[in-house]
Amino acid sequence: MPQGAPVLELHGITKSFGGVEALRGVDFALRAGEIHGLVGENGAGKSTLMKIIAGTHADFSGRFMLDGCETRFRSSRDAIGAGIAMVHQELSVAPDLSVAENVFLGTQPIGRLGLVQWRRMTREAGEQLARLGVDIDPRQRMGDLPIGLQQLVEITRVLFSGARIVILDEPTSALSPPEVERLFGVLRRLRQEGRSMVFISHFIDDILRVSDVVTVFRNGRKVAEMPAASTDKGQLIHAMIGRGGGELEESYTHDIVLPRPTAEPPVLRVARLALGRSLRDVSLDVRPGEVLGVYGFMGSGQLDLARVLFGKLKPERGELAVGGRTVRLRSTASARRAGIAYVPESRRSMLFHQEPIYKNVSISILDRISSVLLRPSRERAIAQRQVQQLQIRPPRVELDLGMLSGGNQQKVGLAKWLTYPPKVLILCEPTRGMDVGAKTDVANIIRELRSRGLAIIVLSTEPETVLSLADRIVVLKRGMVVREFVDETVSKDRLLQVA
């Protein structure tokens, strides 16, 4: 573990949002050449503290010390000027700009005549991406990339910005195992250069593998700090939640027995679906009261499959049938009319963070609850029932969504569809970026919906997610279904081998 005086110290930091105390008297220190892991349940205060360091939150109490001198940033620009940069959990990319422009966002190379040096920028962006093992055209439009590749581009921008303190909030949440390994290799090289990093993750194994020291947050307080080398997963989970990890989380490293499928006809049937290079003759089905898991590494085609099934993308060929009737999903509205609901992998794209919880819940059913005039009282009553049923915290429907933790935002995303349940529910990365407690809550919600007879498709790059939820599993690789696991024994290792 690195020794010497901290480059950054926080003393007694307290921060509130709308009367809700997010941080209470927190102390934190970061040394040069240190990777400092940060863990805690959703809403524990981890991201709030890091946003204070990164200048996003300027209104707080307590002392902020940088290089031994007290300071206070008024904006993220102040933090960047001091050599501090952050990769946020919710990506801050510019989708209409190129990959190269996103890598050099705000720092484009300028020539003597004051013009952007486009060729140099494209070349250097490609070189930086290659250091992370990313092989994409830097001239490509950012918004055309899947969420995992967008995450790698943003990580590239921050890691190679020259910042001496780098904060990474859930950087591996959308990455495949090989990409995680490449990222860890870069972090270790930066550590050798003397740079300091804070690594926030709900993947506790990742925290222990890459960190020098780990700090645990619970309910807005720092409750523990320990060397990673002498700490195990069980200790960290116990410190996070005050209970043993076995009560909340299964490792799914051993064999899982999948049940025999029912004889009921499928609610949704897909045959020979094709879309460019991302989907090639994909066929699958899902029955009522069944969870179909679709597993594969990032870029294997799951996200495009979900978008086709919800009418966001038009396939080149193939057939879809809902309830035995062939349908053509020309838009998301037609998919909704057919009884298909979709919760995407990015919470930012499906929710309104500046609006209250009740408006986010009612947005998908406004046409059913109001023909002419909106009735906020009815919207709030409907939302309150969902808040109670899904145990959304804090349980205040008037609170802006952006004040909730990521796990509770995901519950709101589910709540949108549960007042008038659909026939088919498509969930992309439903537990991405969540702590073990929030994952268990969402998993229980999904199992409850299955028991009501809903047909559910869970698409994920996390083998643990599909193993914990699915009754059947199909594995996608390079746009093709390469294996189906049904009525048999399967393990994480087998999934990884097939993918």
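Every number in this text was worked out from the coordinates using simple rules, so none of it is lab data. Please read all numbers here as calculations on a predicted model, not as lab measurements. Using ideal geometry, Cβ is built from the backbone for each residue, glycine included, and neighbour counts are taken over all protein chains shown.
Quick notes on this structure:
- Amide H within-cut-off set for Leu8, under 5 Å, with H built and near neighbours excluded: Leu30, Asp67
- Segment Val180-Ala274, extension gain: residue separation times 0.36 nm, minus the distance between their alpha carbons: 30.9 nm
- Packing-based ranking of 210-217, 395-402, 154-161 yields 210-217, 154-161, 395-402, ordered from highest to lowest mean Cβ neighbour count within 10 Å.
- Cβ charges +1 (Lys, Arg) and -1 (Asp, Glu), total dipole of the chain, debye: 1480
- Cα centroid separation, the range 414-451 to the range 157-225: 28 Å.
- Formal net charge of residues neighbouring Ala5 (Cβ-Cβ distance under 10 Å; K, R +1; D, E -1): -1
- Per-residue 3J(HN,Hα) values for the range 27-36, derived from phi via the Karplus relation 6.51 cos²θ - 1.76 cosθ + 1.60 with θ = phi - 60°, read 10, 7, 9, 9, 9, 5, x, 10, 9, 10 Hz in sequence order (x marks Gly and Pro).
- Spatially near lysine pairs across the chain, Cα under 20 Å, sequence gap of 8 or more or different chains: 20
- Among residues other than Asp493 with Cβ under 13 Å from its Cβ, the summed charge is 0 (Lys and Arg +1, Asp and Glu -1).
- From its DSSP helices (H runs of at least four residues, each -39,500 (n - 2.57)), the chain gives a residue-normalised ellipticity at 222 nm of -9500 deg cm²/dmol.
- With the charge dipole of the range 256-498 set up from +1 on Lys and Arg Cβ and -1 on Asp and Glu Cβ about the Cα centre, the Cα lying farthest toward the positive end among the listed residues Asn360, Pro463, Gly407 is that of Asn360.
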